[in-house]
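Remarks on the structure that follows.
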Amino acid sequence: MKKERSLSQILFEPKTIDAVAPVSKVVFYLILGLWTLVCLFPLYWLVVTSLKLPIHVNDGPMYLPGIDFKPSLHAWKYIFVDLGNDTLRPYLNTVLVSLASSVIAVVIGSMAGYALTRIAYRPKLGSILLFILTVILMIVAVVRFGLAWQIAVASGLALFILLLTTVGRRFRKSLHNTDIAFFMISQRILPPVAVVIPIYVLFQRFGLLDTHAALVITYVAVNLPIVVWLMRDFFDSVPVDLEESASLDGASRYRIFFTIVLPLAKPGLAATFLLVLILCWNEYLIALFLSTANAQTLPLLVAAQNATRGPQWWYMSVLIIIMVVPVVAITVVLQRFITRGLLIGAVKG
Amino acid sequence: MLVRLKNVSKRFGDVVAVNQLNLEINQGEFLVLLGPSGCGKTTALRMIAGLETADEGDIFIGESRVNEVLPKYRDVAMVFQSYALYPHMTVAQNIGYPLKLRGVKNTERQEAILKTAEQVRLQGFLDRYPKQLSGGQRQRVALARAIVRRPQVFLMDEPLSNLDAKLRGKMRAELKHLQHELAVTTIYVTHDQIEAMTLAERIAIMNQGVLQQVGTPKSVYNDPGNIFVAGFIGSPSMNFLNGELIDGDFITEKCRIQKVGKGSHGDVILGVRPEDMKMVVSGQSHLEAILYSVELTGDQTIVTAKLGDDYFTVREDKEYEEAIDQHVKIWVDASKVFLFESSTGKRIRFN
């Protein structure tokens, strides 16, 4: 028996559970298409603007090169030929600083994250306070009483160890891994602006201003909490059974970490690496303070195009395009690692 | 003896997981640690493996005390309940991993992997990943990884409990055969008393961290040392009845069973196995009860009868038929009953 479907049923009611009614389908694709346009238009606008002469930009919106205006490569020529090394240097700086910072942060941070999920730490609250107290004493001794810092540090440490072995035994209240993890993430509560001047003074003292090292050190420090926090979650999802099994099979702790845990946390590693890389790549404020010429990064070069003659949109567009391309490429490469289901088959039937 | 536990205790906070455990396992023996969940059997196994440290007591493997020895130096292999296969390695890599860590050369390793895979019938699956295998095959990979390096002791933590009933029966037979073939000392943890009875040379029964009884399957079934062992071993489990022992007769308000022991003993609990009772229509009977349920399992019928607040299970043959809620009479084989002290649960013996 064939059941008749009325026109409205055919248009609005799906045939089966998984199917979508024709009208809904059309609506979905319209919305998706519209959203795709919204997302891609800025990129298109960048490309178009990079091909415009200043006069075209000032003449109001023009959308289609070749029809609305005559495309020109003058901006590309300026950035690549006229600026030449002045483009290349910031570019290499950005690549170098971002990659180095992300790699170091992910390596150190994932190890810390792993330790926080698998080893139970019980630092005594009293000992921590004691340490802070001795550090304050040291600072006061140096700043206020003009003590040589070497002597202050040595005697401060000696005092701390002495107190720890005598009074320290009495401390009862201790912190747990979650407290340590929270302490780490709490470092991100403070906006970087608040500490950018102390950081500047610090690197000035060390003579590291306008060097890669200063940027890398700062980026690693700023991003470590994020890495630790994210990786902790990924390591948590690796069954402890696997590690216990490996330890019975004869693997050492480091071996377990590098041959069992890390391969299984690959999606997390890739995602975290990508996040940190993008954060470093686009970072502006700290770079503004710590670099002037030699270590200048791309975001600063882009901002520099907003010169006395007003924003030079055509140059900015070219710079932004070449700045975006590598990140997109790396994302595409790493995307295949960011998959789910890597742990299927590890435990249970 | 190969593995020896001497006064071993382990606490987790205020909970005593294992309490003064003394146990000796002989070379080549298949010993099953049996008990309800939370009885400390897995903790005991993990202490032998070195995954937990004992708070008190000594653990010996062979001649040496291993309390402080790292797991990898104990020469034991463990099969986990969850299998714990490395999902990013193929079957061959999984099996070969312990050998690789011990620096066995590649050609030798491949040989050993092949041989072991044959023993557990996984030859055709060496290039697959764990996620491409069925539950039973994963179980076999875990087993192969344990046997590939010929350890002194196998430790197995409920290895069959994730399999479905049919496969479990099959794997049980395979496991028993394999252990016989390899003749490696095996300590096997389970809460399933059928598994324990069928696999073990000796069973060690634990409850609340305390070892209750150690013996062959036959002896723990036929000669339980206390009421816990009596009730835990056997399916359906033993029937219990509170009463008094007076002049060798067991007496309650509702029944009297003659000549179950000697002398008088105040409050006692009588235990009788379902197969040592019989439903009778006429003639001598000990209990009069109301039929509660009749379950045909195929080769036999499990009959449950209700007397006051007590339920009795009787094993009858497959022909038994009776309507529920009928009054029935039950005969008890007085020569096969067990008596326990009410207060301590200890077995009362008469010779």
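The residues in segment A:289-304 that are more than 20 Å from A:Val193 (Cβ to Cβ) and surrounded by fewer than 18 Cβ atoms within 10 Å (Cβ to Cβ) can be counted, and the count is 3.
More than 10 Å from every other protein chain (Cβ to nearest Cβ), farther than 19 Å from A:Ile260 by Cβ and either assigned to a helix (DSSP H, G or I) or under 29 Å from the mean Cα position of the chain (by Cα) (or both), is that true of B:Ala44? Yes: the conditions hold for B:Ala44.
Does B:Val69 satisfy being within 14 Å of chain A (Cβ to nearest Cβ) and either part of a loop (DSSP other than H, G, I, E, B) or within 18 Å of the chain's Cα centre (by Cα) (or both)? Here the answer is yes, as B:Val69 does meet what is asked.
With respect to being under 30 Å from A:Ala293 (Cβ atoms) and among the β-branched types (Val, Ile, Thr), A:Val195 fits the description. Somewhere in segment B:147-164, is a residue more than 13 Å from chain A (Cβ to nearest Cβ), surrounded by fewer than 15 Cβ atoms within 10 Å (Cβ to Cβ) and more than 23 Å from A:Glu244 (Cα to Cα)? The answer is no; no qualifying residue exists.
Of these, B:Pro71, B:Pro98, which one is touching a Lys or Arg at 6+ places or on another chain (Cβ under 6 Å) and over 27 Å from B:Pro217 (Cα atoms)?
Values: B:Pro71 fails: touching a Lys or Arg at 6+ places or on another chain (Cβ under 6 Å).
Unique residue meeting the criteria: B:Pro98.
When each of B:Arg172, B:Arg138 is tested for being modelled with pLDDT of 90 or more, buried (at least 23 other Cβ atoms within 10 Å of the Cβ) and assigned to a helix (DSSP H, G or I), the lone residue that passes is B:Arg138.
Rundown of residues vs (1) outside any loop (DSSP other than H, G, I, E, B); (2) under 19 Å from B:Gln258 (Cβ atoms), yes/no style:
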site	(1), (2)
B:Glu288	yes, yes
B:Tyr292	yes, no
B:Glu295	yes, no
B:Ala305	yes, no
B:Thr313	yes, no
B:Glu319	no, no
B:Glu322	no, no
B:Val328	yes, no
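Here A:Ala251 clears all of (1) surrounded by 22 or more Cβ atoms within 10 Å (Cβ to Cβ); (2) modelled with pLDDT of 90 or more; (3) within 22 Å of the chain's Cα centre (by Cα); (4) not charged (D, E, K, R) except the condition numbered (3).
The listed residues are B:Gly271, B:Gly261, and the only one of them that is part of a strand (DSSP E or B), closer than 17 Å to B:Asn226 by Cα and not hydrophobic (A, V, I, L, M, F, W, C) turns out to be B:Gly271. Restricting the first member to segment B:296-312 and to residues that are in contact (Cβ under 8 Å) with a residue 60 or more places away in the chain and outside the structural domain of B:Glu322 (by TED's automatic domain parsing), and the second to residues that are surrounded by fewer than 15 Cβ atoms within 10 Å (Cβ to Cβ) and charged (D, E, K, R), no beta-carbon pair is closer than 7 Å while six or more apart or on different chains.
Of all residues in segment A:278-309, exactly one satisfies the criterion of being in contact (Cβ under 8 Å) with a residue 60 or more places away in the chain, under 25 Å from A:Thr331 (Cβ atoms) and hydroxyl-bearing (Ser, Thr, Tyr), namely A:Thr297.
Residues that are farther than 24 Å from B:Gln152 by Cα, more than 8 Å from chain B (Cβ to nearest Cβ) and not β-branched (Val, Ile, Thr) within segment A:234-254 comprise A:Phe234, A:Phe235, A:Asp236, A:Ser237, A:Tyr254, listed in sequence order.
Say whether the condition of being more than 30 Å from B:Arg128 (Cβ to Cβ) and part of a loop (DSSP other than H, G, I, E, B) is met by at least one residue in segment B:9-22.
Looking for residues that are more than 30 Å from B:Arg128 (Cβ to Cβ) and part of a loop (DSSP other than H, G, I, E, B), one finds at least one in segment B:9-22, hence yes.
For the criterion of being surrounded by fewer than 18 Cβ atoms within 10 Å (Cβ to Cβ) and either outside the structural domain of A:Leu277 (by TED's automatic domain parsing) or touching a His at 6+ places or on another chain (Cβ under 8 Å) (or both), A:Phe160 fails. Only residues that are assigned to a helix (DSSP H, G or I) and not aliphatic (A, V, I, L, M): list them for segment B:175-215, please. Hits for segment B:175-215 are B:Lys176, B:His177, B:Gln179, B:His180, B:Glu181, B:Gln193, B:Glu195, B:Thr198.
Remark: pairs (first residue in segment B:148-175, closer than 20 Å to B:Gly28 by Cα; second residue outside any helix (DSSP H, G or I) and not hydrophobic (A, V, I, L, M, F, W, C); Cβ separation under 6 Å; 6+ apart in sequence or on different chains) = B:Pro151/B:Asp75; B:Gln152/B:Asp75; B:Val153/B:Thr185; B:Phe154/B:Thr186; B:Met156/B:Tyr188; B:Asp157/B:Gln81; B:Glu158/B:Gln81; B:Glu158/B:Thr190. Within segment A:274-308, which residues are in a helix (DSSP H, G or I) and among the polar types (S, T, N, Q)? The answer is A:Asn282, and nothing else.
Answer yes or no: is there a residue in segment A:314-337 that is in contact (Cβ under 8 Å) with a residue 40 or more places away in the chain, surrounded by 14 or more Cβ atoms within 10 Å (Cβ to Cβ) and among the polar types (S, T, N, Q). Scanning segment A:314-337, I find at least one residue that is in contact (Cβ under 8 Å) with a residue 40 or more places away in the chain, surrounded by 14 or more Cβ atoms within 10 Å (Cβ to Cβ) and among the polar types (S, T, N, Q), so the answer is yes.
Hey, does segment B:12-29 have a residue that's assigned by TED's automatic domain parsing to the domain that holds B:Met197 and more than 25 Å from the chain's Cα centre (by Cα)?
yes
I'd like the residue in segment B:96-135 that is under 23 Å from B:Asp164 (Cα atoms) and within 11 Å of another protein chain (Cβ to nearest Cβ) and, out of all such residues, is surrounded by the fewest Cβ atoms within 10 Å (Cβ to Cβ). This residue is B:Ser134. Every listed requirement among (1) surrounded by fewer than 22 Cβ atoms within 10 Å (Cβ to Cβ); (2) in contact (Cβ under 8 Å) with a residue 40 or more places away in the chain; (3) more than 14 Å from chain A (Cβ to nearest Cβ) is met by B:Ala17 save one, (1). Identification of helices (runs of 4 or more DSSP H) wholly contained in segment A:46-141 with 2 or more residues that are exposed (fewer than 15 other Cβ atoms within 10 Å of the Cβ) and either in the same structural domain as A:Asn282 (by TED's automatic domain parsing) or of a type in the set (A, V, I, L, M, F, W, C) (or both) yields A:85-118.
In a residue-by-residue description of segment B:78-93, the property of being over 19 Å from A:Val238 (Cβ atoms) and in a strand (DSSP E or B) applies to at least one position.
All conditions in (1) at negative phi; (2) touching a residue at least 12 places away in the same chain (Cβ under 8 Å) hold for B:Asn106, with the sole exception of (2).
The values are calculated or read from the model by the stated rules, or taken from the named source; none is laboratory data. Because the structure is a prediction, the values reported are computed rather than measured. All Cβ positions, glycine included, derive from the backbone under ideal geometry; neighbour counts span all protein chains shown.
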